[in-house]
Amino acid sequence: PDTAKKIGALLNVKYILCGNITNVSLSEAGGSLGGAGLTKNTVQAHIIGRVMDTDTGNILYMTKGTGKSASTYTKVKGVVGGTIRFGTVQVTQDSVHNAIQKAAYAMVDELNKKLN
């Protein structure tokens, strides 16, 4: 509350939206058939947001958002013993960023529903 008041005075605003990422997790699913395999990595992010009154420091609204980003990795064994790979084995920073961005948008959408 004290920080919200200071930010409000500094920026000369009545309300601020603040929040935090509460969880980022990874799940992996896949399978194989014959010489082909498919792996799907899904990053899921959760964000909690609060609208605060900068005069009082009180929380006026709370909301949350969840976002997911998926990437796939496919491996196919070739006829001559080689393997062809498509996609990325590791989760990329872009996948994490996309999941967090989607969670932020979902949080704002939920906030708009409460305010309208």
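The values are calculated or read from the model by the stated rules, or taken from the named source; none is laboratory data. From a predicted model like this one, the values you see are computed outputs, not experimental measurements. Reconstructed Cβ throughout: ideal geometry from the backbone, glycine too, with neighbour counts over all protein chains shown.
Exactly one residue out of 21, 48, 16 is in contact with a Lys or Arg (Cβ under 6 Å, 6 or more places away or on another chain) and of a type in the set (A, V, I, L, M, F, W, C), and it is 48. Of the candidates 51, 43, 91, 96, the single residue that is surrounded by 15 or more Cβ atoms within 10 Å (Cβ to Cβ), part of a strand (DSSP E or B) and either among the charged types (D, E, K, R) or in contact (Cβ under 8 Å) with a residue 60 or more places away in the chain (or both) is 51.
Inside segment 1-38, residues that are farther than 16 Å from residue 68 by Cβ and assigned to a strand (DSSP E or B) make up a count of 13.
Of the residues in segment 60-69, at least one is of a type outside the set (Gly, Ala, Ser), surrounded by 17 or more Cβ atoms within 10 Å (Cβ to Cβ) and modelled with pLDDT of 80 or more. The residue pairs whose first member lies in segment 1-20 and is touching a residue at least 12 places away in the same chain (Cβ under 8 Å) and closer than 14 Å to residue 62 by Cβ, whose second member is surrounded by 14 or more Cβ atoms within 10 Å (Cβ to Cβ) and acidic (Asp, Glu), and whose beta carbons are closer than 8 Å, counting only pairs six or more residues apart or on different chains, are 4/53; 15/53.
Looking across 90, 101, one residue alone is modelled with pLDDT of 95 or more and among the polar types (S, T, N, Q). It is 101.
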